[in-house]
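Q: This is the structure I want to talk about, given as structure tokens.
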Amino acid sequence: MTHNYFKILMVVLLSSMMIFTGCFKKDKTDANKKTAITVKGSDTMVQLMSTLAENYMNQNAGSQVSVTGGGSGTGIAALLNGTTDIASSSRDIEQKEKDQFAQKNLNSNPVSIANDGVAIVVHKDNPVNELTMEQLAKIYTGEYTSWKDVGGPDQPIDVYSRENSSGTYKFFQEHVMAKKDYVKTAKLMPSTQTIIQSVTDGKWAIGYSGLGYTKGANVKILGIKKDDKSPAIMPSDKTVLDKTYSVARPLFLIFNGTPQDEMKKFLDFCLSDAGQKIVEETGYVKIK
């Protein structure tokens, strides 16, 4: 009887070990197939990425995509430090950031998922309707301080900008201002929405905004001229795609290496016809 008892005990113990091992393998496999991913970065893209994430989750039961802002630079830093899966960025990755990734044996991989026209916005009652790229640069570097300098009334220009962690801040500085410093009196705003609100409230204010944030906003969008002899161009799907609008840029999702599993599925959705329709509906411009 004792012998039979030990035989039964050994069978129970072996069975338990097999069940435990099976559960462990299952948990490990499930962990490798990550269905919860995080996207952090560009405030310009928060509205777009949140809508894409919501639609993706509706179509993929069990998947979770968490979207937060903070600025393109913040998102890229989080990707570098491993605290986000994907960085959203309204600018391309800089060489110094590429070097930082390389130092950690990581491979930064930006993929464009949309285009954007950076709209130049003023109060709806401002009589100025257009600016040249040179005039715009002189306003933001402080060379022009009154609206009369650009054909408007003798009123001081109230300059609004994003904070320096913003991809739009850096894009605007490089593309419009030839990398010169912003005027010291520029008011640095924590989000695009606060710029829109400040321009809505400030009669002599000027700011810049991703095109998507101007939908329904109570502001005037200025036409932009490449130079004195060029026509003023308004930002739109057509003028961004054909590159006739001067202040346009691609919007990126940045990965560590080639995206796999859930991240690849999410990227594929963003680039699909359904995803690109959301890009258009949110006020941005499709990649083609």
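Q: For region 50-63, which positions are assigned to a loop (DSSP other than H, G, I, E, B) and out of contact with any Asp or Glu (no Cβ under 8 Å at 6 or more places or on another chain)? It would help to see each step written out before you state the result.
A: Quick first cut of region 50-63, residues assigned to a loop (DSSP other than H, G, I, E, B) only: 60-63.
Those that are assigned to a loop (DSSP other than H, G, I, E, B) and out of contact with any Asp or Glu (no Cβ under 8 Å at 6 or more places or on another chain): Asn60, Ala61, Gly62.
Q: Take Gln47 and tell me if it is at pLDDT below 95, in a helix (DSSP H, G or I), surrounded by 10 or more Cβ atoms within 10 Å (Cβ to Cβ) and polar (S, T, N, Q).
A: Numbers: at pLDDT below 95: yes; in a helix (DSSP H, G or I): yes; surrounded by 10 or more Cβ atoms within 10 Å (Cβ to Cβ): yes; polar (S, T, N, Q): yes.
For Gln47, the condition - at pLDDT below 95, in a helix (DSSP H, G or I), surrounded by 10 or more Cβ atoms within 10 Å (Cβ to Cβ) and polar (S, T, N, Q) - is met.
Q: Restricting to region 91-144, and then to whatever is of a type in the set (Phe, Trp, Tyr) and in contact (Cβ under 8 Å) with a residue 24 or more places away in the chain, can you tell me which residue is farthest from Gly202 (Cα to Cα)? If you could, list the steps in order and put the result at the bottom.
A: Within region 91-144, the subset of a type in the set (Phe, Trp, Tyr) is 101, 140, 144.
Remaining after also requiring in contact (Cβ under 8 Å) with a residue 24 or more places away in the chain: 101, 140.
On the way: Phe101: 42, Tyr140: 17 Å.
Among those that are of a type in the set (Phe, Trp, Tyr) and in contact (Cβ under 8 Å) with a residue 24 or more places away in the chain, it is Phe101.
Q: Would a scan of region 70-80 turn up a residue that is farther than 20 Å from Gly257 by Cβ, modelled with pLDDT of 55 or more and outside any helix (DSSP H, G or I)? Show your work before the answer.
A: As a first pass, look at region 70-80 and keep what is farther than 20 Å from Gly257 by Cβ: 70-71, 73-74.
Among the residues that remain, those that are also modelled with pLDDT of 55 or more are: 70-71, 73-74.
Checking which are outside any helix (DSSP H, G or I) leaves us with 70-71.
Yes - at least one qualifying residue is present in region 70-80.
Conditions tested, residue by residue: (1) closer than 20 Å to Thr141 by Cα; (2) of a type in the set (D, E, K, R).
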site: Ile195; (1), (2): yes, no
site: Ile206; (1), (2): yes, no
site: Lys226; (1), (2): yes, yes
site: Lys229; (1), (2): no, yes
site: Ala232; (1), (2): no, no
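Q: Filter the strands (runs of 3 or more DSSP E) completely within region 101-169 down to those with at least 3 residues that are among the aliphatic types (A, V, I, L, M).
A: Working: elements: 108-123, 130-132, 158-162.
It comes to 108-123.
Q: Of the residues in region 182-229, how many are within 22 Å of Asp43 (Cβ to Cβ) and not in a strand (DSSP E or B)?
A: Looking only at that region, the number is 25.
Q: In addition: When you look at Val118, is it surrounded by fewer than 22 Cβ atoms within 10 Å (Cβ to Cβ) and among the aliphatic types (A, V, I, L, M), yes or no?
A: Numbers: surrounded by fewer than 22 Cβ atoms within 10 Å (Cβ to Cβ): no; among the aliphatic types (A, V, I, L, M): yes.
Taking the combined requirement at face value, the residue does not satisfy it.
The values are calculated or read from the model by the stated rules, or taken from the named source; none is laboratory data. In this text, all values refer to a predicted model and were calculated from it rather than measured experimentally. Note that each Cβ is placed from the backbone with ideal geometry, even for glycine, and that neighbours are counted across all protein chains shown.
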